[in-house]
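Take a look at the structure set out below.
The values are calculated or read from the model by the stated rules, or taken from the named source; none is laboratory data. Not measured: the values here are computed from a predicted model. Note that each Cβ is placed from the backbone with ideal geometry, even for glycine, and that neighbours are counted across all protein chains shown. What goes into the accessible areas is simple: the full protein's heavy atoms, side chains included, and nothing from ligands, DNA or RNA. Shrake-Rupley method; radii C 1.70, N 1.55, O 1.52, S 1.80 Å.
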Amino acid sequence: MKAVRTIQELRHELAERRTRRSENGLAGVGFVPTMGYLHAGHASLLKKAREECGTVVLSIFVNPLQFGPNEDFDRYPRDEEKDLRLAEECGVDFVFLPSAQEMYPRPIRTTVAVSGLTERLCGASRPGHFDGVATVVSKLLNVVQPDRAYFGMKDAQQVAVVQQMTSDLNMPTEIVPCPTLRDADGLALSSRNVYLSDEERRQALSLPGTLRQAETWLAENADPSALRDRIMEGIQRSPLADIDYVEVLTYPSLLTPEEAMRQELPGDDRLLVACAVRYGKTRLIDNVLLPWNNEKKGAEVHA
Ligand code: PAF
């Protein structure tokens, strides 16, 4: 494994690797973009990339562009040594660790904005966040030029935004969505979990605990707004829970079921139940995807 800090060096290394097959006969470049402080969720993305690609590239860059002025950019957890150890264990070939100066050598005047998918959920609570994500992901995809890039579904909105962007801009990278990994108690793995006190973490378990029941509740009563109310009630049973949003939207278009019915989007065959909740100063997101039959549910939505 090699740690690389400049775009020029990474491009040079990859130029030579791109056409080469690995020992197990695999070809192609697999890429896992991260902000570091790696956990088992990141490891699962890296292992999948390792299984499917000849060369695996991991990037670690805490992207200032996607943090709002009052967010946690400065205190975002960082541990390069530990990250490099985990990357090595996962069989990564190249770790790209650019500085902010390397990624943004002068004030940026070109940004990527994906409309429609970014106005709701985290886009509403974190204005500008997805412009920052889309811009840095475009830059990283341009630098690495991977065949496949792996993203975790805990950030389901991010996956929808990146898929829309690569499709709209004819970027040749295939975006591979990967399942959310959870601790044994059910909490979705996130670098930000480290901020939680013991009591906050205990109470935060109401989030995955409530989401686990969503499928049963939807089967009992197919009305998505009733489902949303039940999810809110479930989460609010923990006194520390301060709900930012609970939304039930079609996936990947992120429309309300009513809007989706009007537009008859054939690809939207799932419902995303997505939540953002603060426990103390820590904002956690989590979601569950449920099957959604547009035609059948239509009558129920309008009933
Ligand atoms: O999901 C993340 O860690 C970040 O949003 C990403 C994709 C690495 C872009 O900075």
Do the conditions hold for PRO146, that is, is it under 30 Å from ALA27 (Cβ atoms), in contact (Cβ under 8 Å) with a residue 24 or more places away in the chain, within 16 Å of the ligand (Cβ to nearest atom) and surrounded by fewer than 17 Cβ atoms within 10 Å (Cβ to Cβ)?
no
Within the stretch 257-297, the count of residues that are modelled with pLDDT under 95 and under 14 Å from SER225 (Cα atoms) comes to 4
_Regarding the stretch 185-200, can at least one residue be identified that is within 16 Å of the ligand (Cβ to nearest atom), touching a Gly at 6+ places or on another chain (Cβ under 6 Å) and in a loop (DSSP other than H, G, I, E, B)?_
yes
Scanning the stretch 87-102 residue by residue, those within 15 Å of the ligand (Cβ to nearest atom) and either open to solvent by 20 Å² or more (accessible area, probe 1.4 Å) or over 20 Å from GLU13 (Cβ atoms) (or both) turn out to be SER99, ALA100, GLU102
Expected single match for among the basic types (Lys, Arg), more than 16 Å from the chain's Cα centre (by Cα), buried (at least 20 other Cβ atoms within 10 Å of the Cβ) and closer than 30 Å to GLU52 by Cα among LYS82, LYS139, LYS154 is LYS139
Just one listed residue, out of ARG75, ARG120, ARG106, is touching a Leu at 6+ places or on another chain (Cβ under 7 Å), basic (Lys, Arg) and at negative phi, and it is ARG120
With the first residue restricted to the stretch 20-35 and required to be of a type in the set (Phe, Trp, Tyr), and the second required to be part of a loop (DSSP other than H, G, I, E, B) and within 16 Å of the ligand (Cβ to nearest atom), Cβ contacts under 7 Å at 6 or more apart or on different chains are PHE31/PRO146
Flagged in the stretch 1-34 as among the charged types (D, E, K, R), in a loop (DSSP other than H, G, I, E, B) and more than 27 Å from ARG192 (Cα to Cα), in numbering order, are ARG18, ARG20, ARG21, GLU23
Exception for PRO98 within (1) under 16 Å from VAL137 (Cβ atoms); (2) in contact with a strand residue (DSSP E or B) (Cβ under 7 Å, 6 or more places away or on another chain); (3) not in a strand (DSSP E or B) falls at (2)
THR110: passes all of (1) closer than 24 Å to ALA43 by Cβ; (2) open to solvent by 10 Å² or more (accessible area, probe 1.4 Å) but (1)
Taking the stretch 51-70 and keeping residues closer than 21 Å to PRO172 by Cβ and crowded, with 19+ Cβ neighbours inside 10 Å leaves CYS53, GLY54, THR55, VAL56, VAL57, LEU58, SER59
Within the stretch 11-50, restricting to residues that are among the basic types (Lys, Arg) and either modelled with pLDDT of 95 or more or open to solvent by less than 60 Å² (accessible area, probe 1.4 Å) (or both), the one that is farthest from the chain's Cα centre (by Cα) is ARG17
A careful count of residues in the stretch 113-130 that are open to solvent by less than 60 Å² (accessible area, probe 1.4 Å) and not in a loop (DSSP other than H, G, I, E, B) gives 5
